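One structure below.
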Amino acid sequence: MTVTAIVPDYADRIETADAPEKFHGNAVIYVHWEEHLSFCSALAFPLPLAMPFGALVSEVITPYYAAHPDAANIVWDKVVWDIDGGKKAPDFSASLEANGLGHKSLVRFWTPGLNGWAGSAS
């Protein structure tokens, strides 16, 4: 359905609630562990883009997903990564920004051989 604004500058009046400047120098980064639907959707973390990708894994992803029974068996150098819709092997020593992440980026990852609790994708 098409909507027509009755005010000519309507688009200029919209204040985006999740604009980058509202996150005090951080960017919202979404993370989702595929085939592990105990976590039903991507998680949002406000993170500095200068953070190394390896720190994202060790300080954010690993602790958050630690409660899942598969988490202890993740072999991080075998993980398949997708950043904003493209398969990519990230450089763990480079920053999030250097790895192509920006505000509201989505990081998806698959863990070969780990397909959820007892293979159930959950």
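The values are calculated or read from the model by the stated rules, or taken from the named source; none is laboratory data. Please read all numbers here as calculations on a predicted model, not as lab measurements. Heads up, the Cβs are rebuilt from the backbone with ideal geometry, glycines too, and the neighbour counts pull from every protein chain shown. Only protein heavy atoms, including side chains, enter the accessible area calculation; ligands, DNA and RNA are left aside. Shrake-Rupley method; radii C 1.70, N 1.55, O 1.52, S 1.80 Å.
When Ala55, Ala27, Ala19, Ala42 are checked against the criterion of being more than 14 Å from the chain's Cα centre (by Cα) and hydrophobic (A, V, I, L, M, F, W, C), Ala19 stands alone in meeting it.
Within the stretch 87-112, the set of residues being in contact (Cβ under 8 Å) with a residue 12 or more places away in the chain, among the small types (Gly, Ala, Ser) and farther than 9 Å from Phe53 by Cβ comprises Gly100, Gly102, Ser105.
A residue that is acidic (Asp, Glu), surrounded by 14 or more Cβ atoms within 10 Å (Cβ to Cβ) and not in a loop (DSSP other than H, G, I, E, B) cannot be found anywhere in the stretch 18-35.
Within the stretch 63-122, the residues that satisfy the criterion of being on the phi < 0 side of the Ramachandran plot and assigned to a helix (DSSP H, G or I) are Pro63, Tyr64, Tyr65, Ala71, Ala72, Asn73, Trp76, Asp77, Lys78, Trp117. Among the candidates Val57, Val75, single out the residue that is among the aliphatic types (A, V, I, L, M) and open to solvent by 50 Å² or more (accessible area, probe 1.4 Å). Answer to the check: Val75. For His68, the criteria (1) modelled with pLDDT under 95; (2) surrounded by fewer than 16 Cβ atoms within 10 Å (Cβ to Cβ) hold in every case but one, which is (2).
The set of residues from the stretch 78-105 being loosely packed, with under 15 Cβ neighbours inside 10 Å, hydrophobic (A, V, I, L, M, F, W, C) and closer than 22 Å to Gly25 by Cβ comprises Ala94, Ala98. Scanning the stretch 76-122 for residues that are acidic (Asp, Glu) and touching a strand residue (DSSP E or B) at 6+ places or on another chain (Cβ under 8 Å) turns up Asp82, Asp84.
Among residues of the stretch 51-68 that are over 15 Å from Ile83 (Cβ atoms), those with a Cβ under 6 angstrom from a residue that is part of a helix (DSSP H, G or I), sequence gap 6+ or separate chain, pair up as Tyr65/Ala71.
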